[in-house]
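Enquirer: Structure incoming, see below.
The values are calculated or read from the model by the stated rules, or taken from the named source; none is laboratory data. A quick note: this is a predicted structure, and the numbers were derived from the prediction, not measured. Cβ placement follows ideal geometry from the backbone for every residue including glycine, while neighbour counts extend to all protein chains displayed. Keep in mind that these areas ignore ligands, DNA and RNA; they rest on the heavy atoms of the full protein, side chains included. Shrake-Rupley method; radii C 1.70, N 1.55, O 1.52, S 1.80 Å.
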Amino acid sequence: MFRQPRDVPVYRTDIYTRAAILDPYPHYRALRGLGSVVWLPRHRLYALPRYAECKATLRDDDRFLSGHGVAANPVTNRLSRGTTLSSDGADHERRRKLVAHRLMPRALRTLGDDVDDRACATVERAVRRGTVDAVADLAAALTLAVVPDLIGWPHGRRDRLLDWAAATFDILGPANRQALLATPRSMEMLRFARRVVRDRDVLPGSMAHELLAAVDRGDLAEQEVPALLIDYIAPSLDTTISAISSAIHLFATHPQQWRQLAEDPALMPNAVNEVVRFESPLRAFTRKTLHDMVIDGVQIPAGARVLVMYASANRDEREWTNPATFDIGNDAGRHVGFGNGAHACAGQGLARLETTAILSALLRFVDRIEIAAPPMWAVNNIIRRHAHLPVRLVSASAR
Ligand code: HEM
């Protein structure tokens, strides 16, 4: 039977309503103001809205477990067993080692030129049109040109990938209407991945191909492969699309920052970090407590769910000077937008590569980015990203 914990500040407002999803920052500020640990009665979660506790929790994966799922609802937590994201200890390490090496810096170096070429072609096409949707025509166009081939996803049903991947994030939120509506699409993705594995319908030389070779050697069970494929394809699209479109939005609305980047391209790695800090693509995941714990004086029982709020941590006034200001000169490298500790994002090198490639191509071909019509944010329990971002790309030659 549900009991409200004692001596914990409580936040009764639902942070997963449509309105809160579209405008989350006032809620994050209110939560941080209440304390390091805040009880969300509606979702029965102990929220961690501040930076220090988020980071410490992510680094303490022996006691804050992912193996029981990282969603905010029990159904998805049961379904997501067997993924890298939702596993612990040696099991997690084994899964991560199977493919993560393909996303390490050395492997990415060979991919770099190809991503740069594709980014240039994407931007050149967009510049010729002048006014484009930065989500569909830049961010999604590049990610879809790079990631499915790398993973080895067959050419069939790529048209559904974005929708499926967004749904797979949505169901990681609480059991609200949003998650409920997304469930059939996420299941469809799993069924398709199972068929891909059964038919061995993967691209030669790809990550998926390597996984099937491991099955043939007896190093991996075939039934583990669909979850591993989804493990990589699902988080690789919306997240990076978010970072690229947020970057374009932020540089359009902060033209002096764009000029600063043009004058000093060495600021690029920090600019990408600042985008991920300022508009963190991933809002929050959960962990399950192994023992009774105390966080900043608050008792948390064994088996409870804590909500690690990456996006709020990255705006914590205790950690950042002027956190609500976008400034590529900020020392943003220590953000937790890619997580931290054992489960830190396995694809962050690729995400950085893609975001850098688009911004570099824009710097090369575009003088100014202007907002052409009000942007629209997508509604998703987990991902913060634009659905549409109409922009005008003003090139040097067009002046
Ligand atoms: C800007 C883009 C991205 C952001 C902001 C992001 C964010 C994150 C975060 C916060 C986590 C940690 C989850 C946790 O704490 O439980 C994570 C994990 C993960 N990400 Fe990313 N991600 C991005 C891009 C990608 C890409 C491109 C890929 C794959 C190609 C990817 C694959 C993964 C995987 C496999 C994990 C699970 C790692 C593990 O549990 O060991 N991500 N990501």
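Enquirer: Given the condition touching a helix residue (DSSP H, G or I) at 6+ places or on another chain (Cβ under 9 Å) and either among the basic types (Lys, Arg) or over 27 Å from ALA373 (Cα atoms) (or both), answer yes or no: does some residue in region 236-249 qualify?
Expert: yes
Enquirer: Here's another thing I want to ask about it. Pick out, from region 81-154, the helices (runs of 4 or more DSSP H) lying fully within it that include 1 or more residues that are among the β-branched types (Val, Ile, Thr) and over 30 Å from MET376 (Cα atoms).
Expert: In region 81-154, the matching helices (runs of 4 or more DSSP H) lie at 89-99, 105-129.
Enquirer: Okay, moving on. Of all residues in region 277-314, which are in a loop (DSSP other than H, G, I, E, B) and among the basic types (Lys, Arg)?
Expert: ARG283
Enquirer: Kindly indicate the residue of region 86-105 that is more than 11 Å from the ligand (Cβ to nearest atom) and small (Gly, Ala, Ser) and also least open to solvent (accessible area, probe 1.4 Å) among those meeting that condition.
Expert: Ranking the candidates gives GLY89 first.
Enquirer: Which is in a loop (DSSP other than H, G, I, E, B) and either acidic (Asp, Glu) or buried (at least 20 other Cβ atoms within 10 Å of the Cβ) (or both), of GLU317, GLU274?
Expert: Matching residue, one of GLU317, GLU274: GLU317.
Enquirer: With the requirement that a residue be in a helix (DSSP H, G or I) and more than 25 Å from GLY69 (Cβ to Cβ), what does region 197-214 give you?
Expert: ARG198, ASP199, HIS209, GLU210, LEU212, ALA213
Enquirer: Would you say LEU108 is in contact (Cβ under 8 Å) with a residue 24 or more places away in the chain and more than 10 Å from the ligand (Cβ to nearest atom)?
Expert: Yes; evaluated as a whole, the condition is true for this residue.
Enquirer: So which residues in region 258-276 are touching a Gly at 6+ places or on another chain (Cβ under 9 Å) and more than 10 Å from the ligand (Cβ to nearest atom)?
Expert: GLN260, LEU267, PRO269, ASN270, ASN273, GLU274
Enquirer: Please work out if ALA71 is within 16 Å of the ligand (Cβ to nearest atom) and buried (at least 18 other Cβ atoms within 10 Å of the Cβ).
Expert: Yes.
Enquirer: Do any residues in region 143-161 that are over 21 Å from ILE244 (Cβ atoms) and in contact (Cβ under 8 Å) with a residue 40 or more places away in the chain have Cβ atoms under 7 Å from those of residues that are more than 16 Å from the ligand (Cβ to nearest atom) and part of a loop (DSSP other than H, G, I, E, B), where the two are at least six apart or on different chains, and which pairs are they?
Expert: Here the result reads PRO154/ASP201, each pair linking region 143-161 to a residue that is more than 16 Å from the ligand (Cβ to nearest atom) and part of a loop (DSSP other than H, G, I, E, B).
Enquirer: Could you give every pair whose Cβ atoms fall below 9 Å, whose first residue belongs to region 314-326 and is touching a residue at least 60 places away in the same chain (Cβ under 8 Å) and of a type in the set (Lys, Arg), and whose second residue is assigned to a loop (DSSP other than H, G, I, E, B) and surrounded by fewer than 14 Cβ atoms within 10 Å (Cβ to Cβ), counting only separations of at least 6 or pairs across chains?
Expert: Cβ pairs passing all conditions: ARG315/ALA324.
Enquirer: In region 34-51, how many are assigned to a helix (DSSP H, G or I) and either within 18 Å of PRO174 (Cα to Cα) or open to solvent by 60 Å² or more (accessible area, probe 1.4 Å) (or both)?
Expert: Summing the residues that are assigned to a helix (DSSP H, G or I) and either within 18 Å of PRO174 (Cα to Cα) or open to solvent by 60 Å² or more (accessible area, probe 1.4 Å) (or both) in region 34-51 gives 1.
Enquirer: Among the listed residues ARG160, ARG200, which satisfies the condition of being at positive phi and open to solvent by 30 Å² or more (accessible area, probe 1.4 Å)?
Expert: ARG200
Enquirer: Could you list all residues from region 203-230 that are β-branched (Val, Ile, Thr) and open to solvent by less than 10 Å² (accessible area, probe 1.4 Å)?
Expert: Listed by number, the list holds a single entry, VAL225.
Enquirer: Further, regarding this structure: Considering each residue of region 20-29, count those that are open to solvent by 40 Å² or more (accessible area, probe 1.4 Å) and under 11 Å from SER312 (Cα atoms), and give that number.
Expert: Here the count works out to 2.
Enquirer: Looking only at residues in region 277-306 that are within 9 Å of the ligand (Cβ to nearest atom) and under 20 Å from ILE248 (Cα atoms), which one is farthest from the chain's Cα centre (by Cα)?
Expert: Residue satisfying both the conditions and the ranking: SER280.
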